[in-house]
Amino acid sequence: LLIRLPALWLESLGEDVKIVVTTVQHALLRGLQGHYQLEEGEVLLEPTPNRDDRRALLLYEAAEGGAGALSRLIQDSSEFRAVALKALEIMHYRPDATPQEADTRCVAGCYRCLLSYYNQPDHALIDRRLPAVTEFLLRLANPKLRFMMSVNEPTPLLHGCPPPDSTPLEIDGLQVQWIWRSARVAALEDQDHTAEIKAQLTAKGIELMLLPLHDPSRSEAVARLANLLGGKLA
Ligand SMILES: [Zn+2]
C-alpha cells in the first residue's frame, strides 16, 4: 500500500520536510498498531524512494497479523481517520484532557509515544511538537478533508481503458491517478470527488468521470469511460 504525500504539501514544509515526514511516518505506524492492536513489526511503514528523499510511505505486512489490517485499509480508506485519531492520542494529544492530565514529561517524543527500539536510527528526526505534524493528522482525521493524501495500490487498471499517464495530476492536494492528459479526461472514485475538484478540472478543460464504489454502477461507469477514451484517443 503506497501512501502518497501531496507534492505541494511537501514543498510547503521547506527545511522541516524530513522531520515532519519522519514524524508522520512513525505516528501513523503507532496509530496503525494501536487501532488494529498489532504487535511491533507486524506491519512496516517505510519512506520511499529512500530515507533521504521521503516523498511517500510504503506500508506492508511483515507478519501474518498485519495482512488483515492492510486489507481493511484498502477496502475502506476512511479507516485512516481512526488511525490518525489513535496516533494523536498516543502522542499525548487528548482533546478532552484537563491540563493536569496532559502529559508534560514528553518533549519531542518519548518511549510511550513515538520512540521505540526499532526506530532508533530515526530518533533525531522525530519531533511531535511540529505544528505541521499535528495539522497533517488532524486533516487526515477530518472526514471532510479526506483528500489530503491519496492511498493507493499502484494505480489499478480500469477494465477496457488504456493505462493512465504515469504522473498523477495534483488538484487541491489530491493526486488524481487516473488522468489521460492527451484525451483531457480524468477519473476519480466517487467518494474522493468534491465540487472544488470538479470545478478545477473543468477550468483546465478536463472531463471528469466518477466511479461509484459498487457494481453494477461501477462497471457501467468504467465501460462509459473506456468508450469515451477510445473515441478521444482513436
Ligand atoms: Zn511521548
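A few notes on this one:
- Modelled FRET efficiency - R0 22 Å, residue 204 with residue 167, Cβ distances, 0.05 increments: 0.90
- The chain - charge dipole about Cα centre, Lys and Arg +1 at Cβ, Asp and Glu -1, debye rounded to 20: 480
- The Kirkwood hydrodynamic radius of the chain, based on inverse pair distances between different Cα atoms, is 19.1 Å.
- Mean-position separation - Cα centroids, the range 119-137 and the range 1-56, in angstrom: 10
- Selection from 87, 180, 19 lying farthest towards where the dipole of the chain points positive, charges on Cβ: 180
- Lys, Arg +1 and Asp, Glu -1 on Cβ, resulting dipole of the range 169-232 about Cα centre, debye, nearest 20: 380
- Whole-number percent relative contact order across the chain, with pairs defined as alpha carbons under 8 Å at least 6 apart: 19
- Peptide ranges 31-44, 175-188 listed from the most packed, as the mean C-beta count within 10 angstrom indicates: 175-188, 31-44
- Subtracting the Cα-Cα distance of residue 157 and residue 213 from their residue separation scaled by 0.36 nm leaves 18.7 nm.
- Rh by Kirkwood over Cα pairs, then Stokes-Einstein D for the range 1-117 at 0.692 mPa s and 37 °C, µm²/s: 217
- Packing here is the average count of other Cβ atoms within 10 Å per residue, and on that basis the peptides 206-213, 22-29, 161-168, highest first, run 22-29, 206-213, 161-168.
- Lysine pairs in the chain with Cα atoms under 21 Å, if 8 or more residues apart or on separate chains: 4
- Estimated at 0.36 nm per residue, the fully extended path between residue 60 and residue 8 surpasses their Cα-Cα distance by 16.2 nm.
Coordinate-derived values only; no laboratory data. Predicted model only: the values in this text are computed from it and were never measured. When we count neighbours, we look across all protein chains shown, and the Cβ atoms used for this are built from the backbone with ideal geometry, even at glycine.
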